[in-house]
Structure formats: structure tokens, C-alpha cells
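Working notes, structure below.
The values are calculated or read from the model by the stated rules, or taken from the named source; none is laboratory data. These figures come from a predicted structure and were not determined experimentally. Don't worry about glycine lacking a Cβ; one is built from the backbone with ideal geometry, like all the others, and counts go over all protein chains shown. What goes into the accessible areas is simple: the full protein's heavy atoms, side chains included, and nothing from ligands, DNA or RNA. Shrake-Rupley method; radii C 1.70, N 1.55, O 1.52, S 1.80 Å.
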Amino acid sequence: MTMQEDTGAYLEVQNLVKYFGNDRAVDDISFAVPKGAFLTLLGPSGCGKTTTLMSVAGLHAIDGGRIRVGDVVYTSPSEGLFLPPEKRDIGMVFQSYAIWPHMTVAKNVAYPLEIRKVNQSEIDDRVAEVLALVGLTAEADKLATNLSGGQQQRASLARAIVSKPRLLLFDEPLSNLDLKLREQMRVELKRIQNEVGITSIYVTHDQSEALVMSDEIIVMSKGKIEQRGGPVEIYSRPVNEYVSNFIGVANLLKAKVRDSDGSGQGVVEVSQDGQTMTVPCQIGPGIGAGDDAVLSVRPENVHAVREGNGNDDVEGEVTHAIFLGNYVDCRVKWGDFEWKVIAHPRTRLKAGEKVFLQFDPEHTLAVQP
Amino acid sequence: MTTETYSSNAVERSRLNNRLRAMVTQENLITLVVALIVAGAVIVPLVVLFVSSFKVLDPAGWDTTWGFGNYVTMFTDRIIPKAFVNTLIISSGSTILATFLGVSLAWINARTNCPGRSYLEPYNLIPFFLSPFVGAIAWHNLGEPQTGLLNNLAREVFGIEGAIINVDNIWGVIWVTGIFFAPLVYLFVVGSLRRMDPSLEDSARTTGAGLFRTTMTVTLPLVMPGILSGAIIVFVTSAGEFGVPFKLSAPYGWETLTTQIFSKAVGDDANHHMGAAMSMALGIITVFLIWVQQRYIAPRSFTTVTGKGFRPNVLDLGPWRWVAFGYNIFFIMVAVVLPIVCLIIVSLHPVWTGKIVLADITTINYVKTLMWWHPEAISAATNGIGNSLILAFGGASISMVLALVISYMIHRTKGFGVRMLDFLSMVPIGFPGIVLAMGVLVTYIQTPIYATLWILMLAYITRFFPYGQRNISSIMLAISEELDQSSRMAGASWFTTLRRITIPLLKPGLFAGWILLFIIFLRELSISIILFTTGTETLSVGVYYLTNFENEPLTSALSMAQTVMLLIAIYAFRRLAGREALTA
Ligand SMILES: Nc1ncnc2c1ncn2[C@@H]1O[C@H](COP(=O)(O)OP(=O)(O)O)[C@@H](O)[C@H]1O
Ligand SMILES: [Mg+2]
């Protein structure tokens, strides 16, 4: 795990706590983001992502912790500090777009500049520039209600970035769009963020969105941080069962750590319906020899072969194999457990065949339960 | 040969019979009958009013000639042009005041964390149900320079010389009309304020706009169609309001169109044709404004995508919330509490001199106005109570039946004449009660129903059934038509379906609509004042009689009786209809 050094971070959230009644919607969260980075808060609905974002935006007061951006402290209840949202210099894109229906697109986008008392000719220039950036030049004089969902989303983004704020916040901005548009907008949003270079926090429950767009991802559950890291790290080195399960697809089995050399290599033992296997693997953080763990293997890292080559191999039966062109999606029954396996089409596996499963220790993980 | 012709004729005839029979269904028959009744009730008085306005009474008052004389008189008369101007001033002033009060109260209750806002809301709405005429009487007793309670308190407690306020003028009319019609604007905007997507405001806050700026540039513009609709309705209603200017400004030299129409309808100065012409003038203005509102403003409400999640969408006003609270309480004080307390105090005195004299406290005023068996009872008052109850029960019931049938026809049968019916049931909303009453007066004055309760009932229903109809229509639109259709599939006739399926589904709405009409009829003044005769006084006419020919304590006693009856009905309304019925 690459924990960011907190000093030097541009946005810093320390020990954030927010209650709704007696429920802790956000439970002691800390993170930091370097300038210009794109951080994603990822987690299932209700895990506290929006609450975290609103806390940064100042749309509600927090119950504990400290939020700082650059050298400005946004809020810190213990020091009695609370900067109202309009003083925080942020741009925000909402799930419902929140485009004001009584103004044209250009008026919507000009609004933040008018608030900042920028002179009219500069407003016109900036608005034209930003509308061009998001591809809405032709729609400038339309009423917001006459735009499609995707266009409203672009307008909303234009309005958020036009004043070059310190921080950009996104709350599930793509979740109201249909799949195709969503995939297209991901790329576009990321391109625009890169271009303007504004530090961004992006909230989503969609893991593929997070993987595609983010520099860093924070996986959350129940108001807490489960893991933080880059997309590759989160995907290939999940630290616990929750993250393995939430991101992508994984074979997850209860295991016990047999041996751990302290540098991340080790051996775990998995028992399943009377059968036992020992698997050499990477030992994740926070577990050592003798601990309970979960074995986590991605389907593409399980190799199914017809000829076994040792007693560490797992012998199972292919229950079904679906040919999908560039790969074969297989299920292999081993005791009670059904392995998900992605096999190369050349193997021509068929249902009913006996196969041996082999694991590459480099891509086989033991993680916290 | 002959037999052949005969038989082919017979086939023809039976085919025709079948077609006739197919058309003569319960459904179509009732549609036709109702359409004719509504057309007759709504159109005939307006046409007769129009025709009558072109008859000019000769100076001796015996004969009439055709011509535009009445319309010319409106500009050349000594009083009428001023009455026009006064009406304009009063309507504009009341509209500004009511809009300010209504919008600010709705905003406080729906969008801020003002303490106790959900408890205050019902009290903010009370003036909507009470009689503005009674409000004017109460404020007269509060703010008359010599005998006004507030002025006397100021003199006694603070030793102030003279009077602190005087409501017996055009400003008093604006004040009372404004506070009584504020709930109208409130009801037009509170729903959309409540439903507004909070991220519309949040995004303004994050772009750097403060609370005030966000409210002025985002929140209020978003509810502007509602504000404009409310303002137009208040303008029109104020222009047609009779009681308040009659009590507060006409006696002191500020006549309005309605007080002038009244003086042309009854009394020494009566000239129905002149009254008809002035009614036409007033009606044309109000119909035009209502048409603008219905056609251009009501459809312009903004629809927005609403985000998920349940942030409580209220603004934290910080310490200012106590200011909002105080403001809200202030409104309830001036619009509800002070007037009622004042009426009670005055009604308990044998004569009112502006001072509370505990030794003189008496119930004689209630005896004289309520106890019809008592020798000293005043028949205008006691008759009024009985007649108003009859009119309110009967009128509300007939109106709701009519409204039900019309809504059903408009939204379910979609047969011939339905669009016409839809239009006809909109027309009365455009005309002030006093205008429609002038039409009914000139139409039926020669018939036997004149000088009976029936003419009042007819005018009440004609003017107000559209409210019931809109009430039912909105619910009917929300109930799936398939529920009816499945009943027909199951073999039930149209009437059975109506009785067994439709009406039970509509029941809550029917009750709410019924009580609303009951309330309106119980306090009705501007129609009654034109159409009543001795023996057919109504409650408000009784109040009018007492204030005109008797004294303030008697007037206050009957006003209190009316207010109590209305408060009971409001309570029933809230219990039955819930708060959504009005504010949704
Ligand atoms: N305004 C609120 N009042 C009460 N509870 C809330 C409110 N907003 C959110 N919550 C609760 O806080 C938790 C986190 O909500 P939220 O931050 O909206 O989740 P997410 O955005 O991750 O879906 C949820 O359990 C939700 O029920
Ligand atoms: Mg959320």
C-alpha cells in the first residue's frame, strides 16, 4: 500500500466524523490528495460517499475532524471553524445535474463568474472557451430544459470548472445516463479534468467507472475506508475479502496462513469439503502465520490444464464452459466450491472433463477476512 | 314485391332503432342533460348581463332605450371613474402585500429551519377560510382613530396623543385584503418550494453565491410561475371583493367598482342596466387576467430531475431563524389572533366606546343575534344563520354531485361536447361573484325564483362548482381509468360502476371538496348582497345589516358566530383532507 505522505498534500481530510441522529454516516475517515489528482470514493449505496463529499463542500456541518485545502482550513469543529460553501471556491457536479431550468446554458455557466464580479467581456470569453471544451457551443442559448441528459451533464461540468475553482467535486454524475453515453462520458470527463488540471474528488458506486477514471481510489464501506490505492493496486492487490469481492470478480475461499516469510510471500491451506490444498501465495498486509485469511484469485489467474504436474494441483470437473470468442468462461467443481476460471480458447475445455487447476503464486493472494 | 319492400323497410327501421338505442345510453343521456344545465346556468346570465348593459334608463327611470350610454357614463360620472382608480390601487396594493407575505411565509415554512414551522403552517392558512368582510369589521374596531382598541391601548398605556393607526381608508383596505389573501399566494408556491431539488440551490452555493443571492437568483425564479399565478388570482379576487371596501373605505369617500355595482343593484339609486355595464367592465378585466394565468403562466412550471438521497432540504438560518419565527408569529397575530380577540371583546359590550369596561360585560348581543325565539332577536341575523346553513349544506352537496358528473364526463367518457363542458366549467372562475350575481339578478328578477333562496342557491352553485370540479378532476387524473373499465368488463352498468367503484375511490376528495364549498358558502357575501331580499338574508348579509343599521357589538357577535362555525369546518377539513389536499 502506498500511503500518501500527508504533508504536502493539497486536500487533506483528517478524522472526519458525521452523524445523522445516532448513526455514524462517516466514521473517522482520513485521506489526502495531491494537487491536480483525481481521487475516487467508491462503495455501495449508503456507505457515506455523498456525506463525505458534502462535508468537503460545506453543504452540511461536520461533527468531528478537520478539512483543509491548500492553506485554507475549510472546517474544523474543534477550532470552531466553518467556512460556508460559497467561500470554499469549489465546483460541484451533481447526480441530478442541477442545471437551473430558468436560465440558458450560457447563463448557467456564466453564473459563477458573475458572482465573482468578473467583467462582462471576460465572462463571455471564458464561457465560450469552456462551452467549446465540453462541446456545447451550439447549445449556448438554449434553455437548460431543452437539453438531453448528456448535454445537461456537460453544461453542469462547464459551470463547475468555469471559475477555475480549487477543487472539483462529482457526486455520481453519470448514474442518470444510459450505458453507452456513460462509457463515452467517462473518457470525456477524464480528458477535461486532465486539461483543466483541477484537483478532483469523484463519487461513484460503479467500479469500472472508478478503475477507468481515477488516479487513486478509496474503497469505502459503512462509513469507513477499506482500502486506498491506484486502480491497478486496488484490483490486483485487494487487502481484504470485501475489496476483492467489490472490485471485479474473484474466487474467494476461507483459508489459514501456514507460513509467512514476513516479506509478503507465504503458504496458505484451504480446506473444502474434506479436500485440502496448500497454496503458495502473496500474503496481504495485516495477517501472519496461523491467522485466518481468505484466498482470493481472479478467474483469469486460474489455469486449467488437462495434465497435472504435482500434488499441489487441484483436481476438479468442468461443469460448464461457455465459448466467448477471445476466452472461455468455465466453472470447475472442486468439492462444494465452484471455481470461476477464464481459459484460453485454445484449451477447448468441455463440460464434464476432468481438469487440474494451477495457481501462479505471484497472482494468488491471501487477504484479511 | 310489396312484402319485399316492407321487409327491407323493416330492416332499415330496426337498424335505425339499434343505432338510436346505442346512443341513448344512461351515460350519454346524463352527459347531455348536464351539459345543457351547465350551459344554461353559466351562459344565460352572462348573455343577459351583456344585453342588459346596452339598455339605457331614461332620467325619469321609467323607460329604457338601446345604446352605449351606460359605458359613456362610466367615464363621465362623478364617482365611477374614481371608483375604477381606487379598485386598481386597492388590487395592486393588496397583490403586492399578499405576494410578499405569501411567498415569504411559504419560503420560511418550506425551505428553512424556522422553529415550529410545521405547527405554524395551519395557522398561516386560516385567513384563507375566514371572511375578509369580518376581518375588515375586526380591523375597524382595532384601528378606528377614536374607538379602535389598538389606538385606545396606545393612548392609555403609552400616553400617545391621537391615533397610532387609522384603517378607515384605502390603505386599511389594502392591509386587510393583503393579509387575508396572502394564503392564496402561499398555496400556489409552497408545493413547488417543497418539491424543489435541493441540489439546484446547493450548486449555487458551491459556485460562490451566498444564502441571500441563492434565494434571489435561483429559488425564487424557479417558483416564479407559481408566484405570478398567485399574484394574478389575488389581483382578480381583490378587484371583486366587496365586504372590505364596503366597510373600510366606501363610507369615508373611497368607492370601488364593487361598492358602486352594489349601489346600482339595490337602494334608492338602483339602476340595473348601469350596474350591468359596470359588471361587464369588471368582468372583462378579470376574465382577461384569468385567461392569461391559465393559458400562459400555469403551464410554465419548471420540471427538474430530482436526485436520489434524502438530505433534508432546508436552509440553516442560524440565529436568523428566530427572526423568521417572529415574523411568522406576527402574521398569525395580525391576521388571526388580534381580529378574533377584538371581535370577542367588542361583542361582550352593550355599546363600544373603544374601552374595555369589565363591569358592562354582557351576552345580550349573542342573545339578540343567535336566539331566534327570543323576543328581542334580530331577524336579519337569525334568518341569516338558518339560510346560510341551508345554502351551505344544499349548495355544497348539489355542487359536488354536479362536479362529480362533469369530471367523470371530461376524464372518462370523452364523448361529444366534453371540451365545451371543460370550457364552461372554467368560465365562472373568471368572473367575480358580484358580476355573476348581477347577471343572475337581471336574468331572473321577473321569474318566481327571485326573492327565494333558490336564486341564491343557483348563483352560489354556478359561481363555485368549478372549485369542486377541479378538486375531483385532479384526483380522477391520478386514479387509473382501468379500475373503471374492469368494472364494466365485469358486467356492471355505467351507473353501477360510478356508484360502486368511482365514487368510493374519490371519497376523500369528495369530502374535502364538499367542506371547502361549505366554507365558501357559509361566508359568501358578494353574491348574497346582490340577490337577498327580506327573509332570504344570509350570515354575511346579517353581518352587513347589523353593521349598517345596528351597532358594532351586535355586528361583532354575529361575526364571531360565523367565525366559530368556519373554524369548526376548517378543523373538519384538516382532519378529513390532511395537509396535502391544499398544499400539494
Ligand atoms: N440527511 C440525512 N438524514 C439522515 N440520514 C442520512 C442523511 N443523508 C444520508 N443519511 C444516511 O447516511 C448514510 C450514508 O449516506 P450517503 O452518504 O448518502 O451514502 P452514499 O452516497 O454512499 O450512497 C446512509 O445510511 C444514509 O441513510
Ligand atoms: Mg450518494
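Scanning the stretch A:57-84 for residues that are closer than 16 Å to A:R166 by Cα and within 16 Å of ligand 1 (Cβ to nearest atom) turns up A:A57, A:G58, A:I67. Test B:P122 against the stated conditions and say whether it is under 29 Å from B:V336 (Cβ atoms), open to solvent by 20 Å² or more (accessible area, probe 1.4 Å) and out of contact with any Asp or Glu (no Cβ under 7 Å at 6 or more places or on another chain). Criteria met by B:P122. Do we find a residue being of a type in the set (D, E, K, R), within 16 Å of ligand 2 (Cβ to nearest atom) and closer than 27 Å to A:V367 by Cα anywhere in the stretch A:39-49? Checked against the condition, which is being of a type in the set (D, E, K, R), within 16 Å of ligand 2 (Cβ to nearest atom) and closer than 27 Å to A:V367 by Cα, the stretch A:39-49 yields at least one hit.
Contact map, the stretch A:54-78: residues that are closer than 18 Å to B:T207 by Cα and within 14 Å of chain B (Cβ to nearest Cβ) paired with residues that are away from ligand 1 (no atom under 16 Å from the Cβ) and charged (D, E, K, R), Cβ distance under 6 Å, separation 6+ or inter-chain. Pairs shown: A:G58/A:R88; A:V69/A:R166; A:Y74/A:R88.
Are any of the residues in the stretch B:156-166 in contact with a helix residue (DSSP H, G or I) (Cβ under 6 Å, 6 or more places away or on another chain) and of a type in the set (S, T, N, Q)? The answer is no, given that none of the residues of the stretch B:156-166 is in contact with a helix residue (DSSP H, G or I) (Cβ under 6 Å, 6 or more places away or on another chain) and of a type in the set (S, T, N, Q). Considering the stretch A:119-150, the residues that are within 14 Å of chain B (Cβ to nearest Cβ), closer than 19 Å to A:L189 by Cα and in contact (Cβ under 8 Å) with a residue 40 or more places away in the chain include one that is surrounded by the most Cβ atoms within 10 Å (Cβ to Cβ), namely A:L147. Taking the criterion of being under 21 Å from the mean Cα position of the chain (by Cα), more than 14 Å from B:V176 (Cβ to Cβ) and β-branched (V, I, T), the residues of the stretch B:219-273 that qualify are B:I227, B:I232, B:I233, B:V236, B:T258, B:T259, B:I261. Do you know which of the residues in the stretch A:31-56 that are assigned to a loop (DSSP other than H, G, I, E, B) and more than 10 Å from ligand 1 (Cβ to nearest atom) is least open to solvent (accessible area, probe 1.4 Å)? The residue in question is A:A37. Against the condition assigned by TED's automatic domain parsing to the domain that holds A:K49, touching a residue at least 12 places away in the same chain (Cβ under 8 Å) and within 16 Å of ligand 1 (Cβ to nearest atom), how does A:T204 come out, does it pass? The answer is yes for A:T204. Pairing residues of the stretch B:149-178 that are farther than 17 Å from B:V337 by Cα with residues that are of a type in the set (K, R) and part of a loop (DSSP other than H, G, I, E, B), at Cβ distances under 7 Å and at least 6 apart in sequence or on separate chains, gives B:N152/B:K355.
Please verify whether A:I115 is within 26 Å of A:V203 (Cβ to Cβ), away from ligand 1 (no atom under 16 Å from the Cβ) and either modelled with pLDDT of 90 or more or in the same structural domain as A:R154 (by TED's automatic domain parsing) (or both), treating the condition exactly as stated. Answer is yes for this residue. Within the stretch A:57-66, the residues that satisfy the criterion of being open to solvent by 10 Å² or more (accessible area, probe 1.4 Å) and under 16 Å from A:A32 (Cα atoms) are A:G65, A:R66. Tell me whether the stretch A:164-179 contains one or more residues that are surrounded by fewer than 23 Cβ atoms within 10 Å (Cβ to Cβ), within 27 Å of A:P44 (Cβ to Cβ) and acidic (D, E). Within the stretch A:164-179, one or more residues are surrounded by fewer than 23 Cβ atoms within 10 Å (Cβ to Cβ), within 27 Å of A:P44 (Cβ to Cβ) and acidic (D, E). Please tell me if A:P112 is part of a loop (DSSP other than H, G, I, E, B) and either within 11 Å of chain B (Cβ to nearest Cβ) or touching a helix residue (DSSP H, G or I) at 6+ places or on another chain (Cβ under 6 Å) (or both). For A:P112, the condition - part of a loop (DSSP other than H, G, I, E, B) and either within 11 Å of chain B (Cβ to nearest Cβ) or touching a helix residue (DSSP H, G or I) at 6+ places or on another chain (Cβ under 6 Å) (or both) - is not met. Note on the stretch B:192-210: residues that are more than 8 Å from chain A (Cβ to nearest Cβ) and either open to solvent by less than 10 Å² (accessible area, probe 1.4 Å) or modelled with pLDDT of 85 or more (or both) total 2. Taken over the stretch A:11-24, the criterion of being surrounded by 22 or more Cβ atoms within 10 Å (Cβ to Cβ) and either within 14 Å of chain B (Cβ to nearest Cβ) or within 9 Å of ligand 1 (Cβ to nearest atom) (or both) is satisfied by A:K18 alone. Can we say A:A98 is part of a loop (DSSP other than H, G, I, E, B), out of contact with any helix residue (DSSP H, G or I) (no Cβ under 9 Å at 6 or more places or on another chain) and open to solvent by less than 30 Å² (accessible area, probe 1.4 Å)? So A:A98 does not fit the description; no. All of (1) closer than 17 Å to B:L566 by Cβ; (2) over 32 Å from the mean Cα position of the chain (by Cα) hold for B:G384 with one exception: (2). Scanning the stretch A:152-172 for residues that are part of a strand (DSSP E or B) and either over 21 Å from the mean Cα position of the chain (by Cα) or within 11 Å of chain B (Cβ to nearest Cβ) (or both) yields A:L167, A:L168, A:L169, A:D171. Within the stretch B:90-111, the presence of at least one residue that is at pLDDT below 90 and out of contact with any Phe, Trp or Tyr (no Cβ under 6 Å at 6 or more places or on another chain) is confirmed. Looking at this structure, is B:Y467 open to solvent by 10 Å² or more (accessible area, probe 1.4 Å) and modelled with pLDDT of 85 or more? Yes; evaluated as a whole, the condition is true for this residue.
Filtering the stretch A:207-240 to residues that are of a type in the set (K, R) and open to solvent by less than 50 Å² (accessible area, probe 1.4 Å) leaves only A:R228. Flag set for A:K87, criterion: open to solvent by 10 Å² or more (accessible area, probe 1.4 Å), among the charged types (D, E, K, R) and either within 16 Å of ligand 1 (Cβ to nearest atom) or at pLDDT below 90 (or both). Taken over the stretch B:215-262, the criterion of being farther than 29 Å from B:Y71 by Cα, open to solvent by 30 Å² or more (accessible area, probe 1.4 Å) and polar (S, T, N, Q) is satisfied by B:T217 alone.
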